[in-house]
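Scroll down for the structure; my scribbles are underneath it.
The values are calculated or read from the model by the stated rules, or taken from the named source; none is laboratory data. Bear in mind the structure is a predicted one, so any value in this text is a computation, not a measurement. Reconstructed Cβ throughout: ideal geometry from the backbone, glycine too, with neighbour counts over all protein chains shown. To get the accessible areas, we keep the full protein, side chains included, count just its heavy atoms, and leave off ligands, DNA and RNA. Shrake-Rupley method; radii C 1.70, N 1.55, O 1.52, S 1.80 Å.
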Amino acid sequence: MWLLSGLLIGIPLGAAPATRPATNPSIAAMDKQILELIAVLDSPDATVRERATLKLINIGPRVLRPLREAMLLESTPEFTARGRAILAEISNQWRYVDQQGGNVVGGFQATLESRTNTFAAGKPISLSVVFRCVGVNGHKLAETRTIDIELADAQAVFSAAQSEGRLVVKNIGDAKLPPRATPIVCNSGEPHTIDFNIGGSVNTAVWIDRELELTPGEYELHFVYYAQSKALLEEALEDLESNTLRIKVTGQNR
């Protein structure tokens, strides 16, 4: 396990348009097919249900997120049972995939973690992005050294030219996003590529302090690695996104 320590260095940059992957027709078609298959998991026709179940299992990790989201909605016992069976079988076939992690791109998955979900206002927020090679087609990944910050509702991204990804911050309820932020520098050394074996992982520590000052309230965070946007992963058709992590910032403590 490698640990890339986060440094509290702010880069004075203004807001810039978000770096986003171009729309890919094959990805859009696959997503449409997945949603159509999920919709018939509790079809009155047993043959339709079984065919959809097998197809979703064969598609693999890309099914995890939309299926989990569908299972959060009110559903029938048949739908719930089949959904759980599909999640279990995909996890069995792709044994290194974390069901709670993000999408799988180029054989890699990113998971955003924290030891605690509660932080004091004015104090550092410590996060961790875990990159894991979950498929045989994942071999090399460019080290994450600088992370842009996107303030979701403000539709602003504070970016650096050399960044490898961005942290998306969304306010929940009455929480207010700050007007500005600066990119997070995780490693100021020379860039390098990390070699992986299947199942191998790298933990990138992300410390937020002066880069982004969050007032008391609740927030949702997720990380985006520029797999396709900046061609950081070979043959990636989209960017690599983590799960969504919800945190709470408590009263001012400075």
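Could you say whether any residue in the range 226-239 is at negative phi and assigned to a strand (DSSP E or B)? Let's see the steps before the verdict.
Applying the first criterion (at negative phi) to the range 226-239 yields 226-230, 232-234, 236-239.
Retained after the next criterion (residues that are assigned to a strand (DSSP E or B)): none.
The answer is no; no qualifying residue exists.
Assess whether D148 counts as being within 19 Å of the chain's Cα centre (by Cα) and farther than 30 Å from W94 by Cα.
Yes, satisfied.
Look through N171, N243 and report the one residue that is of a type in the set (S, T, N, Q) and closer than 30 Å to G107 by Cα. Write out each step before concluding.
On the way: N171 fails: closer than 30 Å to G107 by Cα.
Step by step, each of N171, N243 is checked, and only N243 is of a type in the set (S, T, N, Q) and closer than 30 Å to G107 by Cα.
Do you know which residues across the range 183-194 are surrounded by fewer than 16 Cβ atoms within 10 Å (Cβ to Cβ) and either aliphatic (A, V, I, L, M) or not in a strand (DSSP E or B) (or both)?
Of everything in the range 183-194, those that are surrounded by fewer than 16 Cβ atoms within 10 Å (Cβ to Cβ) and either aliphatic (A, V, I, L, M) or not in a strand (DSSP E or B) (or both) turn out to be S188, G189, E190, P191, H192.
Somewhere in the range 48-67, is a residue in contact with a Gly (Cβ under 6 Å, 6 or more places away or on another chain) and open to solvent by 10 Å² or more (accessible area, probe 1.4 Å)? Reasoning before the result, please.
Pass one, the range 48-67, residues in contact with a Gly (Cβ under 6 Å, 6 or more places away or on another chain): 67.
Now narrow it down to the ones that are open to solvent by 10 Å² or more (accessible area, probe 1.4 Å): none.
There is no residue in the range 48-67 that is in contact with a Gly (Cβ under 6 Å, 6 or more places away or on another chain) and open to solvent by 10 Å² or more (accessible area, probe 1.4 Å).
Residue-by-condition table, conditions (1) more than 30 Å from L127 (Cα to Cα); (2) modelled with pLDDT of 85 or more; (3) in a loop (DSSP other than H, G, I, E, B); (4) within 20 Å of the chain's Cα centre (by Cα):
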residue: I38; (1), (2), (3), (4): yes, yes, no, no
residue: D42; (1), (2), (3), (4): yes, yes, yes, no
residue: R62; (1), (2), (3), (4): no, yes, no, yes
residue: L67; (1), (2), (3), (4): no, yes, no, yes
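In this structure, does R180 turn out to be in contact with a Phe, Trp or Tyr (Cβ under 8 Å, 6 or more places away or on another chain), open to solvent by 40 Å² or more (accessible area, probe 1.4 Å) and among the basic types (K, R)?
Against the criterion (in contact with a Phe, Trp or Tyr (Cβ under 8 Å, 6 or more places away or on another chain), open to solvent by 40 Å² or more (accessible area, probe 1.4 Å) and among the basic types (K, R)), R180 qualifies.
Does any residue of the range 161-178 turn out to be free of Cβ contacts under 8 Å to residues at least 12 places away in the same chain and not charged (D, E, K, R)?
So the first thing to find is which residues in the range 161-178 are free of Cβ contacts under 8 Å to residues at least 12 places away in the same chain, and the list is 161.
Adding the requirement that they be not charged (D, E, K, R) leaves 161.
Yes, because at least one residue in the range 161-178 is free of Cβ contacts under 8 Å to residues at least 12 places away in the same chain and not charged (D, E, K, R).
Can you find a residue in the range 134-148 that is farther than 17 Å from A236 by Cα and outside any strand (DSSP E or B)?
Within the range 134-148 (the criterion being farther than 17 Å from A236 by Cα and outside any strand (DSSP E or B)), the answer is yes, since at least one residue qualifies.
Kindly provide the set of residues from the range 69-125 that are in contact (Cβ under 8 Å) with a residue 12 or more places away in the chain, among the acidic types (D, E) and either in a loop (DSSP other than H, G, I, E, B) or farther than 24 Å from L240 by Cα (or both), ordered by number.
E78, D98
Consider L212 against the criteria (1) under 15 Å from I184 (Cβ atoms); (2) part of a strand (DSSP E or B); (3) open to solvent by less than 10 Å² (accessible area, probe 1.4 Å): it satisfies all of them except one. Which criterion is unmet?
For L212, the failing item is (2).
Could you tell me whether V169 is closer than 19 Å to S128 by Cβ and either among the aromatic types (F, W, Y) or modelled with pLDDT under 95 (or both)?
no
Select from the range 215-227 the residues that are crowded, with 22+ Cβ neighbours inside 10 Å and either among the small types (G, A, S) or farther than 20 Å from A152 by Cβ (or both) and list them in ascending order.
If the condition is that a residue be crowded, with 22+ Cβ neighbours inside 10 Å and either among the small types (G, A, S) or farther than 20 Å from A152 by Cβ (or both), then A227 is the only one that fits.
Restrict the check to the range 126-133 and report whether at least one residue is of a type outside the set (A, V, I, L, M, F, W, C) and within 25 Å of D195 (Cα to Cα). Lay out the reasoning, then the answer.
In the first step, residues of the range 126-133 are kept if they are of a type outside the set (A, V, I, L, M, F, W, C); the result is 126, 128, 132.
Filter once more, so that each one left must be within 25 Å of D195 (Cα to Cα): 128, 132.
Looking through the range 126-133, at least one residue is of a type outside the set (A, V, I, L, M, F, W, C) and within 25 Å of D195 (Cα to Cα).
With in contact with a Ser or Thr (Cβ under 9 Å, 6 or more places away or on another chain), outside any loop (DSSP other than H, G, I, E, B) and surrounded by fewer than 21 Cβ atoms within 10 Å (Cβ to Cβ) as the only criterion, which of A160, A175, A205 stands out?
A205
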